[in-house]
1. Amide H neighbours of A:V222 under 5 Å, at least 5 residues apart or on other chains, H built in the peptide plane: list them.
2. With charges set only on the Cβ (+1 for Lys and Arg, -1 for Asp and Glu), what does the dipole of the protein assembly as shown come to about its Cα centre, in debye to the nearest 20?
3. What percentages make up the Cα-Cα pair-distance distribution of segment A:258-393 when the bins are 5 Å wide from 0?
4. Give me the percent of Cα-Cα pairs in segment A:34-90 that sit more than 15 Å apart, rounded to a whole number.
5. Using a cut-off of 9 Å between beta-carbons, work out the net charge of the residues near A:E31 (Lys and Arg +1, Asp and Glu -1, A:E31 not included).
6. Could you pull out every one of the lysines with an alpha carbon less than 22 Å from that of A:K294, ignoring same-chain neighbours closer than 8 positions?
7. Kindly state, as a whole number, the per residue volume in cubic angstrom of the convex hull around the alpha carbon atoms of segment A:333-457.
8. How many partner chain Cβ atoms sit within 10 Å of a residue's Cβ in peptide B:61-71, on average, as a whole number?
Amino acid sequence: MIVNGLVWAVGMGLLGAVVFAAIGLVSGTDETATLAPITLLVVLLGTPPAGVLTFFIAGAVSKHMTHAIPTTLLGIPGDTTAVPLLDDATALRRLGAPHIALRKALAGGLLAALIAVPISVGIAALLAPLAGPLKLAAPFVFLVAAVFVGYFSPGRWASVLAIAPFALLVAALNALAGAALGKPLSISFFLGIAIGPLVVDLLLATSRSGRDTLPRSGPRTVWLAPDVGVGGRWFPNPLTILSRRQAVTTAVVAGVTSTTFMLSPVAATVLAGEIVGARIRHPYRRLSTLMAVKNGTTESTYLAETLIPLVAFGLPLSPVAAGPAAALFNAPPVYTVNAPGGGVHNLHSLLQTWQFLVYGLLGVLIAGLVAYPFAMRYARAASAWASRTISHEALIGAFAALIAVVSWYEGGLLGLTISVTIGAVGGLANRVLGMTSGVQFMAYYVAVLSVPLLPAS
Amino acid sequence: MPTTPTSRHGDTAQPRDPGQTHNAALLPDAEPAALPYRIVWNDAVDLRQLTLSIALCVAVGLPAFLVSRAVLSRVLAQPALAGGYALLIGLVGCVLGAAVCARLCPPKRALTEDAEIDRAAALAELERLGGTAAEFAALPRDTRDELRALGLAPAPEARS
């Protein structure tokens, strides 16, 4: 049993690391829009729990490593979570040290990931006694979490207010699906929220009056940093890439941020950067430290937000857990947070705490063995290849088709239509009101868990 | 570049809607020929090629899924697994479609490689940011070594 789990874990971990190392190279691939559907696919195909967890962890860590490549060498954020690193990366590039920016970011990320897994599993074990009462109160807990996440989104109170109409829309569409298909849908909603911004852009492009809100552009000039050589070691030791002070700072910040699970990774990264950056005078030292600390914080917050709610509660009570990692919690018919007779049936109930620790660390190690040396050695060639070969049109086409296939799998034409509907409404709420997808994922759980209680109370 | 600046959109000749002038990203319509693309999902695309690309990927991926599900649910001993396998085949279809699209629609990016790093400019930039010789002397040794290796040590230091 254990051997079987380990084999699955290693295999799926390698697959996740390779797939997401490749996706990370393509700048502009949104994390939620890529990690969420592909992890979902892995769950639906019947992968055992150990394989699912290792796939997700190895994939997320790998993507964070390779998306540092466009961020540092092309000056384009590799992902929304890489945006806070962009200014420091650009400044280091102006100092002629783009490779230093990349190496520090990679070393900091790997170090932080190794620290974050045991700490967040430990915190989760401490919080676990709260799980019982929390599950009973789940409908109210999600309502509070949705308000909290909404308040800290760019929309502030607008996002909080929009939770009600959005949740009602989800509940209404779900009732429609229940009547038509005899079962509620979830994947279709979830994909709709994840690709909302894309749906809105595509709708605007087809609108004669809306098209002009999409900025015009000529060919986008991409500046590839010059080749300065990255060194010959196959596995450059992160502890020799970072100075001792940098390693200690990164480790401490990663340790502290691994205990939080409600801040978004971007917010935590900006905060950690401000605190650390203000204390270093010399610009080179500050910038190179910030690359390690910020990339490390993104990694540790991301892992903590996934692992703490998963191990402690089994309920997706954080923006990452409800977004990119949602398939680990809720992927009907395989996993559900709404099992008959109450309670959850997902990785939380299928894996022991020690297994989360082992498979989580395994995922980080596999990413460290695949994506880390790859990004260290072939960064320049890989980013040049990706930006010359993979057109944005092809990328959007692939995702549109993937959404069509997966939502059709769940609910036929109705599932696809619901995905597009939620994408259009959610994407507009995101763009106009600043109601981010994290708030919308929370609102989905409000619709599923809290709204049914409305008539009774 | 095989991209065609001739691809025009029907809206270019229209007067601008006053309601949209607040959009700072909107460039003047005076030079549409030089700006044939639109920013969709954070990068520049040709809208016609985008339409083609989405249509092609969906036309390959969705039928691949539907046909294989129909076939597999009859052939497999455990029809319950048909959906899962069909999903995988559909995904392969999406990727193949995208590979074809990547050939048909080349990226709208102009990749320019930076010239050799100009050490003098980099040093000047470091000074501007506050990296003076006095600050350099206050650094721990490992950081000073890093800067020396980069050729970013202050002038007298570099000679030693």
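1. Long-range HN contacts for A:V222: B:A110, B:L111, B:T112.
2. 420
3. 2, 9, 13, 14, 15, 16, 13, 9, 5, 2, 1, 0, 0
4. 53
5. Spelling it out: positives minus negatives among the neighbours equals -1.
6. Reachable lysines: A:K63, A:K104.
7. It is 199 Å³ per residue.
8. Mean partner-chain Cβ count within 10 Å for B:61-71: 3.
Where a number appears in this text, it was derived from the coordinates with a stated rule and is not lab data. Keep in mind it's a predicted model, so treat the numbers as computed, not measured. Using ideal geometry, Cβ is built from the backbone for each residue, glycine included, and neighbour counts are taken over all protein chains shown.
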